[in-house]
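Colleague: Take this structure first; my questions come after.
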Amino acid sequence: SSGTNAEYGGDNGIVRTLDMPIYISAVKGNNVYCLDREAKPRVLTIDSTEFRFKLALIDKKYDEVLHMVRSANLYGQAIIAYLQKKGYPEVALHFVKDPKTRFNLAVECGNIEVAMTAAQQLDEPAVWEKLGEIALQQGNHQVVEIAYQRTKNFEKLSFLYLITGNMEKLRKMQKIAEHRGDANSHFQNTLYTGDIAERVRLLRNVGQSGLAYVCAKTHGMEEEAGAIASTLGDGQVPQIPAGAKL
């Protein structure tokens, strides 16, 4: 103790203020047994909840922590902030109900399942983007897929299907890009799927007949290349080196 406060060490804090200096001999429960300056024995009553709570955290006695939180009504942003600051977000998750707070805590401790539930409740683009980022770091491509779908991030979704080898969904993404009228995304997906015929057709449709001819010719699509060449004017047919192919 100090001259004016009864304190605890480690994670410092004040238990109670004092009317006079004391000399502590023992602490049991909520009682402090001590001597005053006149050497008279005294018993002071304190609230030991805070330091017992912090001690249980340090000792990783999480069942005791949760019991204290619930029985002592320690709910509140101050406790949540303390748990986050001290590196115990997973403990705070057990008694926090607000979806936004639960999401942030779950992200901090890497609990994808809880973060996913909170994201579904919040259903906000920024939340789904953050969930996709964290899930990707953990290699949870199923959650990444859901996050990209919710944010309509078609480019990242296509690349996800590419690296996971999901050709069926890649072909669906190719169709979606076509329906959306997104030529760039459509072309990118034809590269991912290896659909040469569709790539040639797309290039013709967007007015890139020269590129469509080169693509068809270098992939051995002689009939298609001839048809495209017939639509080009004199001197507009690209010259391709003999034997060139992809």
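Colleague: Please give the number of the condition L170 fails out of (1) open to solvent by 90 Å² or more (accessible area, probe 1.4 Å); (2) part of a helix (DSSP H, G or I).
Modeller: (1)
Colleague: Run down E108, E90 and say which single residue is open to solvent by 40 Å² or more (accessible area, probe 1.4 Å) and either farther than 30 Å from Y161 by Cα or not in a helix (DSSP H, G or I) (or both).
Modeller: E90
Colleague: Residues that are assigned to a helix (DSSP H, G or I), among the charged types (D, E, K, R) and over 25 Å from A126 (Cβ atoms): does the range 149-156 have at least one?
Modeller: No - not one qualifying residue is present in the range 149-156.
Colleague: Now for a separate question. Mind checking which residues of the range 157-169 are under 29 Å from Q121 (Cα atoms) and of a type in the set (A, V, I, L, M, F, W, C)?
Modeller: L157, F159, L160, listed by residue number.
Colleague: Separate question: If we keep just the residues of the range 111-133 that are touching a Lys or Arg at 6+ places or on another chain (Cβ under 7 Å) and either aliphatic (A, V, I, L, M) or surrounded by fewer than 17 Cβ atoms within 10 Å (Cβ to Cβ) (or both), which is farthest from L83 (Cα to Cα)?
Modeller: So the residue we want is L122.
Colleague: Give the residue, chosen from V237, V200, V214, that is hydrophobic (A, V, I, L, M, F, W, C), touching a Pro at 6+ places or on another chain (Cβ under 6 Å) and surrounded by 18 or more Cβ atoms within 10 Å (Cβ to Cβ).
Modeller: Result of the check over V237, V200, V214: V214.
Colleague: Which of the following residues is exposed (fewer than 13 other Cβ atoms within 10 Å of the Cβ), farther than 30 Å from L136 by Cα and in contact (Cβ under 8 Å) with a residue 24 or more places away in the chain: R70, R37?
Modeller: Answer to the check: R70.
Colleague: Let me ask something else about it. Are any residues in the range 181-201 part of a loop (DSSP other than H, G, I, E, B) and either farther than 13 Å from E168 by Cα or in contact (Cβ under 8 Å) with a residue 40 or more places away in the chain (or both), and if so, which ones?
Modeller: G181, D182
Colleague: Moving on to the next point. So, in the range 202-246, exactly how many residues are under 26 Å from L170 (Cβ atoms), in a loop (DSSP other than H, G, I, E, B) and touching a residue at least 12 places away in the same chain (Cβ under 8 Å)?
Modeller: Going through the range 202-246 one residue at a time, the tally reaches 6.
The values are calculated or read from the model by the stated rules, or taken from the named source; none is laboratory data. Only a predicted model underlies this, so the values are computations on that prediction, with no experimental measurement involved. Cβ coordinates were reconstructed from backbone atoms using ideal geometry, including for glycine residues, and neighbour counts include every protein chain displayed. The accessibility values were calculated without ligands, DNA or RNA, using every heavy atom of the protein model including side chains. Shrake-Rupley method; radii C 1.70, N 1.55, O 1.52, S 1.80 Å.
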